[in-house]
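Trainee: Would you mind keeping the following structure in view while I ask a few things?
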Amino acid sequence: MDFAQELKIFLWAMTPIGELRVAIPMGLTVYKLSPAVVYFFAVLGNLFSTLLILTFLGAFSRWTSRNIYFFNRFFTWLFSQTRKNHYDKVNKYGLYLLPFFVAVPLPITGGWTASLIAFVFGMPFKKAFPLIGLGILAAGLIVSFLTRTGIIIEKNFGWQVLIGIMLISGVVYWLYKRNKNNLKNL
């Protein structure tokens, strides 16, 4: 049995840009694999990258900070700036914000970013990994549902209607964000 397509889904899910938002649609539309297989390999790939980040990023940052001046300056700056700008939010919501942060399939949210947040704020692995994993499981279900819905719309109404729905959704989201920001400034 050839697992080349499943391996590609696994690897796409490991990437910081792709994660589940690329791996699942690719598996369902390009490779035409079953939703269960796509979900399994995409979630597994995303969990694996999270595990690697949470396990090795601390050791990597300590070693590079000791041995390479640039990294010492970079990690010192990163930790101080991030903690200064976001400590109140993280302190208020703590670890329990991570699954929701991961589950919402938007740009810059996902397992990679949540793992970096956990690393920067010194969240313990035993607590951070299960919570991020829960978010990955939920994100996989959401992305699978949205992809399958898109496939059904395209199949029954054509790709033009699908693109129209996506554009309208994007404009509505943009208007919502713009009005929300305008209301904050009042």
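Trainee: Could you say which residue among A114, A118 is within 30 Å of R62 (Cβ to Cβ), of a type outside the set (V, I, T) and touching a Gly at 6+ places or on another chain (Cβ under 8 Å)?
Mentor: Answer to the selection: A114.
Trainee: Could I ask something else about it? Report, by residue number, each residue of the range 93-120 that is over 14 Å from the mean Cα position of the chain (by Cα) and closer than 12 Å to L54 by Cα.
Mentor: Let us first name the residues in the range 93-120 that are over 14 Å from the mean Cα position of the chain (by Cα), namely 93-96, 119-120.
Hits for the range 93-120 are F119, V120.
Trainee: Let me ask something else. Please give the number of the condition W77 fails out of (1) under 24 Å from I108 (Cα atoms); (2) surrounded by 14 or more Cβ atoms within 10 Å (Cβ to Cβ).
Mentor: So W77 meets the others, but not (2).
Trainee: Only one of L106, L137, L78 is out of contact with any Leu (no Cβ under 9 Å at 6 or more places or on another chain) and under 22 Å from I9 (Cβ atoms); which?
Mentor: L106
Trainee: With the structure loaded, tell me whether R178 is farther than 30 Å from F56 by Cα, assigned to a helix (DSSP H, G or I) and at pLDDT below 95 or whether it fails that test.
Mentor: Criteria met by R178.
Trainee: Across the range 81-131, which residue is modelled with the highest pLDDT among those that are charged (D, E, K, R) and surrounded by 13 or more Cβ atoms within 10 Å (Cβ to Cβ)?
Mentor: By that ranking, first place goes to K127.
Trainee: Does V43 meet the test of being at pLDDT 95 or above, surrounded by 16 or more Cβ atoms within 10 Å (Cβ to Cβ) and not charged (D, E, K, R)?
Mentor: It is true that V43 is at pLDDT 95 or above, surrounded by 16 or more Cβ atoms within 10 Å (Cβ to Cβ) and not charged (D, E, K, R).
Trainee: Same structure again: What is the number of the single condition among (1) over 30 Å from Q5 (Cβ atoms); (2) within 14 Å of the chain's Cα centre (by Cα); (3) among the hydroxyl-bearing types (S, T, Y) that S65 does not meet?
Mentor: With respect to (1) over 30 Å from Q5 (Cβ atoms); (2) within 14 Å of the chain's Cα centre (by Cα); (3) among the hydroxyl-bearing types (S, T, Y), S65 is out only on (2).
The values are calculated or read from the model by the stated rules, or taken from the named source; none is laboratory data. Quantities reported herein were computed from a predicted structural model and do not represent experimental measurements. Glycine also receives a Cβ, built like all others from the backbone with ideal geometry; neighbour counts cover every protein chain displayed.
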